[in-house]
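The values are calculated or read from the model by the stated rules, or taken from the named source; none is laboratory data. Everything numeric here is computed off the predicted structure, so don't read it as measured data. Here the Cβ is made from the backbone with ideal geometry for all residues, glycine too, and neighbour counts use every protein chain on show. Remember, those area values only see protein heavy atoms, side chains included, never the ligands or the DNA or RNA. Shrake-Rupley method; radii C 1.70, N 1.55, O 1.52, S 1.80 Å.
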Amino acid sequence: MKVLVTVAEVKTISDEFEIEGADIADQYLGADLNEWDDYAIEEAVQLQEDGIADEVVTVTIGPEDCEQTIRQALAKGADRAVRVWDDALEDVDLLDVGAKTEILRAAVEEEDPDLVLTGVQAGDDSFAATGVSLAEDLGFEWGAVVNHLEHDFDDDTASVRRELEGGVEELTE
């Protein structure tokens, strides 16, 4: 089984920073692997360690300077990493969910994975639509806010525990 994990690089801000005009000064900005994508990578690697997955591939959308984030994903155990970028996107401050979905759909179709894992949301802007939008666009079954994936895949069905509001958990397939 091939597992594909979408990975985003998120902006980080130093604890102490200065404002220049309406923006945070560049020297106080950094970048890191999105925390929730990190959990998805960990789950994919765990599936591989349990002998369920044969390959873990990460896909990220970003320019060359996101290479550190890609290296982090590989260091966590991913076998390969794919970076998708077009210089026409260079001046775009924020890709909308439709654009991300279209780009990631092409990567998923190219890689043809058996399972796609995404983080629940982005740590910098708290958007949480890309994974669900991608699954819907591909016609995949999906579960949002999954906090446990049963490693026993019978009949191409996965059992997942999802966190609902108020800390309630739901077990679904």
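Here are the numbers for the structure shown:
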{"quantity": "Filter result for the condition that a residue is within 25 Å of LYS11 (Cβ to Cβ), open to solvent by less than 40 Å² (accessible area, probe 1.4 Å) and modelled with pLDDT under 85, over ALA144, ALA99, ALA129, ALA158", "calculated": "ALA144"}
{"quantity": "Residue identified as farther than 20 Å from ASP114 by Cβ, modelled with pLDDT of 90 or more and either of a type in the set (A, V, I, L, M) or touching a Cys at 6+ places or on another chain (Cβ under 9 Å) (or both) among ALA81, ALA75", "calculated": "ALA75"}
{"quantity": "Test result for VAL59, open to solvent by 30 Å² or more (accessible area, probe 1.4 Å), touching a residue at least 12 places away in the same chain (Cβ under 8 Å) and under 14 Å from the mean Cα position of the chain (by Cα)", "calculated": "no"}
{"quantity": "Segments classed as helices (runs of 4 or more DSSP H), wholly inside the range 1-120, with at least 3 members that are of a type in the set (Asp, Glu) and within 21 Å of LEU138 (Cβ to Cβ)", "calculated": "97-111"}
{"quantity": "Test: residue in the range 31-50 that is without any contact (Cβ under 8 Å) to a residue 24 or more places away in the chain, open to solvent by less than 40 Å² (accessible area, probe 1.4 Å) and hydrophobic (A, V, I, L, M, F, W, C)", "calculated": "no"}
